[in-house]
Amino acid sequence: MTTATLRVTAQSRPDPSTGAVVRLALAFAAATNGLILSPFLVAAVMTRFRLDEGTATALVSAEILGIAISCALLSHRIARAARPFTLAGVAGTIAGQALSAIAPDLVSAAAARGMTGLFEGMLFVVVASGVSQRTSTDRLWGQINLLAGGINGGILVLISALPAAWLGRWVFALLAAVVAVLAPAIRGIDAFASAQSQARSRGHALPWRPVIAIWVVTALVYGVQASQWAIAGFVGERAGLSPTTIGVLLSVSSLLGFVGAAIPSHPASHKHRLALIWAAQLAMIASIEWFFGARGGHAYFLSQFVLNSAFFVIVPFLTGMLSDVDPDGSLVARTLVVTFFAAGIGTALSGALLDRFGGTHVAHVLCVAVLAAAPFVRLALRRAAPGTVARASR
């Protein structure tokens, strides 16, 4: 074994219990439901304040800004004092959602969304800290994504079935109630944070080459996902579907798509990460071409389901590779900010590309972006080889 291998082995922490994983997943669901449900939050703000889509999107984006502040600027501090930040994260998220439901004007609504994001970011950092440098990080992230995705996907389907008149306030009240129900289980997840791991890791620089390679893959995959999502309504209309049908099909495919996370959650998948990620990328490429060529609800739904499933095969593996070398969750938290930038760029470019070149050419561009990520996956795994050997030796 090399010196690097021995060091990674020494830093690995035992995997948490099944109960702990469930509690981390519940916290992850609370921390990310605003991101998963953002199209409905935009619709709610548009209905309530009678805004155009651009202004409503900007208002809801205050939540993303709040999450980014916690993840980019406060992550080390949150990891070091996980207990008070966990309590603050739960209470602040509930309060922020409740204030969003009763905010009387745009300024107070934007402030409430920013506040919600700030406290959601605290929960995200604590979850990332709870997974950092565990023995089976990709398996843990697979389980967390699978459980949290089921919760948020269920909420997504529920909201899509609600009358449009209910969206304005009740969607925020519903989210506040969900977090309040989850709060007893979330409280105390600070016990899983990696304060000892952080102390051991001081003086050891992060392996930036594989980290940057993972960031490139993450940016490309998230950018493609966001681009496709941004113009999914246009594709549905071209396929002859009504707006209501489009909303239901997208919601159900998102809920079912989280099943892709079951693959990285299986212990045997770790040895085949490269093949599984590449296979998922090929599935993304095929489903994108199928999606943009859809001429009916059947093809529209199945292609979206395959795309979402492939996406959630890839994401836990990427996050797991980061958690392998992340001393306190701050690296994974900052990577979330990278995904925000990538998703924002993808969303902005998709509309312009669609207007100029049409759906077929947009599909080709997205497929090329997914394909371009493939060599960086190999580079990340090659650079991370010592950690892989260490895990196999346990």
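Shape class for the stretch 255-354: oblate, because the ratio a/c of the largest to smallest gyration tensor axis (alpha-carbon atoms, square roots of eigenvalues) is 1.5 or more and b/c is at least a/b.
Near Arg13, the amide H atoms lying under 5 Å from its own belong to Arg134, Thr135; only residues 5 or more places off or on other chains count, and H is placed 1.01 Å from N. Rolling a 1.4 Å probe over the protein chains gives Leu302 an accessible area of about 50 Å².
Rolling a 1.4 Å probe over the protein chains gives Phe340 an accessible area of about 40 Å². Ordered by solvent-accessible area of protein heavy atoms (1.4 Å probe), largest first, the residues Trp166, Trp229, Trp141 come out as Trp166, Trp229, Trp141.
Indicate the gyration tensor shape class of the chain (rounded, prolate or oblate), computed on the Cα atoms with a ≥ b ≥ c the square roots of the eigenvalues: a/c under 1.5 is rounded; otherwise a/b larger than b/c is prolate and the rest oblate. Don't skip to the end; give the middle numbers.
Values: a/c = 1.90, a/b = 1.22, b/c = 1.56.
It is oblate, given that a/c is not under 1.5 and a/b is not larger than b/c.
Here is the list for the stretch 233-312: trypsin sites (Lys or Arg not before Pro) lying in DSSP coil, each with at most 10 other C-beta atoms within 10 angstrom of its C-beta, are Arg295.
A 1.4 Å probe over all protein chains sorts Tyr222, Tyr300 by accessible area into Tyr222, Tyr300, starting with the largest. Across the accessible surface of the chain, with the other protein chains kept in place and a 1.4 Å probe, carbon and sulfur atoms take up 70 percent.
Remark: the stretch 344-355, residue by residue, has Karplus-estimated 3J(HN,Hα) of x, 5, x, 5, 5, 6, 4, x, 5, 5, 5, 5 Hz, where x stands for each Gly or Pro and the curve is 6.51 cos²θ - 1.76 cosθ + 1.60 at θ = phi - 60°. Look at where the Cα atoms of the stretch 5-80 and of the stretch 244-264 average out, and the two centres are 19 Å apart. Using a probe of 1.4 angstrom and keeping all protein chains present, the accessible surface of the chain works out to 41 square angstrom per residue. The packing ranking, built from the mean of other Cβ atoms within 10 Å per residue, places the peptides 115-128, 28-41 in the order 115-128, 28-41, highest first.
Ligands, DNA and RNA aside, Asp326 has an accessible area near 0 Å² when probed at 1.4 Å.
The values are calculated or read from the model by the stated rules, or taken from the named source; none is laboratory data. This structure is a prediction, so every number in the text was calculated from the model and none was measured. Backbone-built Cβ (ideal geometry, glycine too); neighbour counts: all protein chains shown. The area values use the complete protein model at the heavy-atom level, side chains included, leaving out ligands, DNA and RNA. Shrake-Rupley method; radii C 1.70, N 1.55, O 1.52, S 1.80 Å.
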